[in-house]
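The values are calculated or read from the model by the stated rules, or taken from the named source; none is laboratory data. Small disclaimer: the values here were computed from a predicted structure and weren't measured. All Cβ positions, even for glycine, are placed from backbone atoms using ideal geometry, and neighbour counts span all protein chains on display. Just so you know, the surface numbers come from the protein's heavy atoms only, side chains and all, with ligands and any DNA or RNA stripped out. Shrake-Rupley method; radii C 1.70, N 1.55, O 1.52, S 1.80 Å.
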Amino acid sequence: MSDFSSDNIIRRDPRAEWIARNRLHPLHDSVVSAGRGEVRGPSGLLRKNPHLVGFIGPNGIKRIDRANTNSSAIGGKKWSAPQDVVLPLHQVVNPEGYIVVVPDMVGGRLTAHDKDILGLAHKLAGEHANFAVVAVCFGESKETQFDLAGVDRLIHLFGSEFDGFAPEARLSALMQIDAQYQPQHWLFPDSINGGADLASRLAARLGERPATQAWQVSASKTVCRGASASTDITRETPKILMLLEECGDAIDETRHEALPLDLDGYGLDYWERAESRLVDKGLIAVDPNAIPLAEAEFILSAGNGIHNWDQFHECARALGATEGASRVAVDDGFMPRARQVGASGTWVTARLYLAVGISGAIQHMQGIGQCDKVIAINTDAACDMVKRADLAVVADSEEVLSELIKLAQQYPLSIDNVSNVNEENSDAA
Amino acid sequence: MPPSVNMVALVSVGRHPQSGRSRRAEQDGRAVEMGMNLSCDIDGQLSVVHVGDSKEPVLRQYAGMGLDALTVLEQDSGLDVLPGVVTYLKETKANLVLTGVRAERGESSGMLPYLLAEQLGWPLVPRVAEILSIKEGEAQVLLALPRGQRRSITVALPFIATVDNAAKGARQTAYGPGLRAQLNVVESEDNTDDIATSWDISPAKPRPKRMKVVKAKSAADRFKAATAKPAGGGGRVMKNETAEEKAQAIFDLLKQEKIVR
């Protein structure tokens, strides 16, 4: 009798077995996973059941979602939202030497060029023991990611004397830094944003012979371009370097401290003593249509959706925008060929691109690939330009443009009303 | 009575970017053009100076712009040009020096105007687009900034200006007048450039293009990076608002980006 006691009898559940055999049954998953757990084979090895990987697709075929693209759609395991990866912190305690980088900070932010140079500075610092990379930043800064860009120490110099065009005040600050910290290297971007000018001034004042247009730098050897980029000059690495774009790789795997570094005599009358022989009278309003389209900062571009061309030109005048056009507008004869943006026209680099009535052919989208911000005005909410835009307005262009003209004319400090803009716009400098 | 503005334009031998042949340097030509226009407008006198070989045919291209004479400080190639220029400028009591930003041959470091400014103790005005006026020893200068912007500054004479590509283009040169122009050859002292002799100069190697490296830890990440569509669609779409609200949103973004000041 004891053989037939209730706890020894293995009871089969034919329904559960049937469900387990039927992959399409709605309860299949729950039935199969009920008996799951850690399964060990006869030799004690952990067994994985390959049949339990994946899910059954809508037509009954098993799918394995390796890219994990629609994990949230499956009821199973949920992946948490992409976690903020905390990069390892690179610390330099009591640095024995410094490598100073003077970034351009166009618009108050580190440019890609600046980040490459910071990466190169770390490559140079790695060849010495315990060196810190210092960034010198003048004026107002909007940059929030000095730590991720590879700045170990930061010298941030505020003050009206550094605003606008002030190479002499900046030079005297750099001379002070050189005297106080005696950096191993000074790294500057060889750019038209002021980096090359400041570097040349410092080199002339210190009596150092700089390496200009350097593109391959190690602790001992530097390769520079010479003779309008037709020769390579290989030389010993000097103290002051002006570096071309893509000279190094930007930092992306470490975090840095970006500790503030003091500068003796800062805030005293040191900088007031520095004679300023160049008197800045501010930026001059320029005719936006005289600026080459490729380097214009703000482009108002017209496409097939424009019917009132007088209004479009008036809007460009009111906003102070350079005019651009899509291929259709040019082919139809409303705009000159030189204004065409895109594959067979100009590739633009505007900071802000306002596309009116342009649906966004791929040839046009290529042309605006380097624009920072795109605004679209279009009647078709599904067009490619609306998808690309940071701000898309689904409306008829004529109404919105007339409202924009009104707003621009009401705005007190519109470019039209002021011929001489004294207020410093750091983005343009 | 000597002219109030004694301008000196420093010119060099250029290099055609495609053929590599000698030519009138782009920026130096603009510097001469600026000097010639200034000497018409104000009480000034322009002298054009070259350091190097006086038999160089390119000098005739500068002279063909309408110069009566050209000064050459005779010197072998590969020597330091700086001391000769400093002595010349001091002797001739120049008070405005115009040069290009960068030479098209040699090291083309663009350091010469800065070293001149340092040795003479003059201010340097970088990347000039136009000199608007020179009145009572003070010049009003327009600087060329990136993105076609201009900045106005004032500076007192004497000063050194480097001329940007945004300045007015150099006028056409005429062959005959170029040949007839007088060359004043001045012997200059030889100063070897000691540092540059140790350099190794070779034809430029093409720079490697930066590869787009995907730093993915797993195969799934690499697959995702290879097949990912360009990110987009993060923008704000305004559909049902009134035209005023839509225009206001656009205008706010313009203000936020400091496009409209």
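Residue-wise, which Karplus ³J(HN,Hα) couplings in Hz belong to region B:86-94, taking 6.51 cos²θ - 1.76 cosθ + 1.60, θ = phi - 60°, and x for glycine or proline?
For region B:86-94, the Karplus-derived couplings read 4, 4, 4, 5, 5, 5, 8, 6, 5 Hz, x marking Gly and Pro.
Check the straight Cα-Cα distances from B:Lys239 and name the lysines below 18 Å, setting aside those fewer than 8 residues away within the same chain.
Partners within reach: A:Lys387.
For a 32 Å ceiling on Cα separation, which of these pairs sit above it: A:Lys115/B:Lys258; A:Lys281/B:Lys246; A:Lys239/A:Lys373; A:Lys239/B:Lys93; A:Lys123/B:Lys205; A:Lys239/B:Lys205?
A:Lys281/B:Lys246; A:Lys239/A:Lys373; A:Lys239/B:Lys93
With label points built 7 Å along Cα→Cβ from the Cα atoms of A:Thr234 and B:Thr87, find their separation and express it in nm.
3.7
On a 0 to 90° scale, report how tilted helix A:309-319 is relative to the longest principal axis of chain A, with both axes built from alpha carbons and the result rounded to the nearest 10.
Roughly 70 degrees, rounded to the nearest 10.
In a GNM of chain A with a 10 Å cut-off on Cα contacts, which of A:Leu171, A:Leu352, A:Leu45 has the highest mean-square fluctuation?
Of A:Leu171, A:Leu352, A:Leu45, the most mobile in the Gaussian network model is A:Leu45.
Please report, in debye to the nearest 20, how large the charge dipole of region A:288-421 is about its Cα centre when each Lys and Arg carries +1 at its beta carbon and each Asp and Glu carries -1 there.
The dipole magnitude comes to about 340 debye.
How much of the accessible area of chain A, in percent, comes from carbon and sulfur atoms when a 1.4 Å probe is used?
About 50 percent, which is the carbon plus sulfur part of the accessible surface.
Using a simple charge model, +1 on the beta-carbon of Lys and Arg, -1 on the beta-carbon of Asp and Glu, nothing else, what dipole does the protein assembly as shown show about its Cα centre, in debye to the nearest 20?
Using only the charged Cβ atoms, the result is roughly 3520 debye.
Stick to the Cα atoms of region B:5-193, pair each with every other, and give me the Kirkwood hydrodynamic radius in Å at one decimal.
16.6
How large is the accessible surface of A:His51 in square angstrom, using a 1.4 angstrom probe and rounding to the nearest 10?
Here the accessible area works out near 140 Å².
If you place +1 on the Cβ of every Lys and Arg and -1 on the Cβ of every Asp and Glu, how big does the dipole about the Cα centre of region B:5-193 come out, in debye to the nearest 20?
With only Lys, Arg, Asp and Glu charged at Cβ, the dipole is about 880 debye.
Angle check, please: helix A:397-410 long axis (alpha carbons) against the longest principal axis of chain A (alpha carbons), in degrees 0 to 90, nearest 10.
On a 0 to 90 degree scale, this one is about 40.
By how many nm would the segment from A:Ala34 to A:Ala67 lengthen if fully extended, with 0.36 nm per residue of separation less the alpha-carbon distance?
9.2 nm
Convert 37 °C to kelvin, take the viscosity as 0.692 mPa s, use the Kirkwood radius over C-alpha pairs of region A:288-421 as Rh, and evaluate the Stokes-Einstein diffusion coefficient in µm²/s, rounded to a whole number.
In µm²/s, the coefficient is 225.
How far apart, in nm, are two points set 7 Å out from the Cα along the Cα-to-Cβ line at A:Ile56 and at A:Asn289?
It is 6.8 nm.
Using 19 Å as the cut-off for backbone N distance, which residues of region B:182-203 belong to the label zone defined by a point 7 Å from the Cα of B:Asp76 along Cα→Cβ?
B:186-201
Under a GNM of chain A (C-alpha, springs under 10 Å), which listed residue has the highest mean-square fluctuation: A:Gln213, A:Gln145, A:Gln311?
In the Gaussian network model the winner is A:Gln311.
Would you calculate the separation in nanometres between label points at A:Asn94 and B:Gln140, each defined as 7 Å from the Cα along the Cα-to-beta-carbon direction?
5.9
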